[in-house]
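Each value in this text was obtained by applying a stated rule to the coordinates, not by laboratory testing. What you see is a predicted model; the values in this text were computed from it and never measured. When we count neighbours, we look across all protein chains shown, and the Cβ atoms used for this are built from the backbone with ideal geometry, even at glycine.
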Amino acid sequence: DTEVTQTPKHLVMGMTNKKSLKCEQHMGHRAMYWYKQKAKKPPELMFVYSYEKLSINESVPSRFSPECPNSSLLNLHLHALQPEDSALYLCASSQDPGMFIYEQYFGPGTRLTVT
Amino acid sequence: AQSVTQLGSHVSVSEGALVLLRCNYSSSVPPYLFWYVQYPNQGLQLLLKYTSAATLVKGINGFEAEFKKSETSFHLTKPSAHMSDAAEYFCAVKSNNNDMRFGAGTRLTVKP
């Protein structure tokens, strides 16, 4: 199984709502990532978890709160978002945080619209 | 710091023609380089990767890329384009933190 799954596929939320994005992988990977992708742009790194610990936070606003409950699951909690946060949110995983040789496997993404 | 530059934000070819998508890298250490493809409203799929084992790398869907250190390039090619190749293509390099740094992307259009 080389699949990263993400739910929901689409999400529309108001600026006062609280919602969560979920990502799951069962490949035994120990590094997991959140990326944000705006239309016609490359993915931009938001967070990296290595062995279930947050290792990189790319100066992301606190209205985005990541969580890694276990080695297979990654959540992104959303609160008080702005319309400019509307984007495709991609989750990825890779085998070993310490080994550069391994590629990242990407999920299909969650299309988020903030109204 | 590692980075990649993709030359040409949009490439258009006829079906059956050669596909050439350009990527140049900047790295102070031997780089790990990747090509990903993204179809509309989907995630990224790995086409191929360079990890110093061989300079000519073969990937999925008939794509290949050649690592040229003297030119700091890792261009993606396919001998004969198919309509299903129309997509966005990203070149990427592993950073010092082991995350991916992507180029700006090249949109490939295939004309019938």
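Tabulated data for the structure shown
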item	result
Phi to ³J(HN,Hα) by Karplus 6.51 cos²θ - 1.76 cosθ + 1.60 over region A:14-21, Hz, x for Gly, Pro	x, 5, 9, 6, 10, 9, 9, 9
Value of D in µm² per second that Stokes-Einstein yields for region A:36-115, Kirkwood Rh from Cα pairs, at 37 °C (0.692 mPa s)	240 µm²/s
Alpha-carbon Rg/Rh ratio, for chain B, with Rh computed the Kirkwood way	0.95
Number of partner chain Cβ atoms within 10 Å, mean per residue of B:91-103	6
Fraction of antiparallel bridges per DSSP, chain B only, in percent to nearest 5	90 percent
Whole-Hz ³J(HN,Hα) from phi, Karplus 6.51 cos²θ - 1.76 cosθ + 1.60, for region A:36-52, glycine and proline x	10, 10, 7, 4, 6, 10, x, x, 10, 5, 10, 9, 10, 10, 10, 6, 6
Computed over the protein assembly as shown, the ratio Rg/Rh where both radii use C-alpha atoms and Rh is Kirkwood	0.98
Within-13-Å neighbourhood charge of A:L11 [Cβ basis; K, R +1; D, E -1]	+4
Neighbouring partner chain Cβ atoms per residue of A:50-58, average, 10 Å criterion	1
Positive minus negative residues near B:D85 (Lys, Arg vs Asp, Glu; Cβ under 10 Å)	0
Shape box of region B:19-66 [Cα atoms, principal axes, largest first, Å]	34, 21, 18
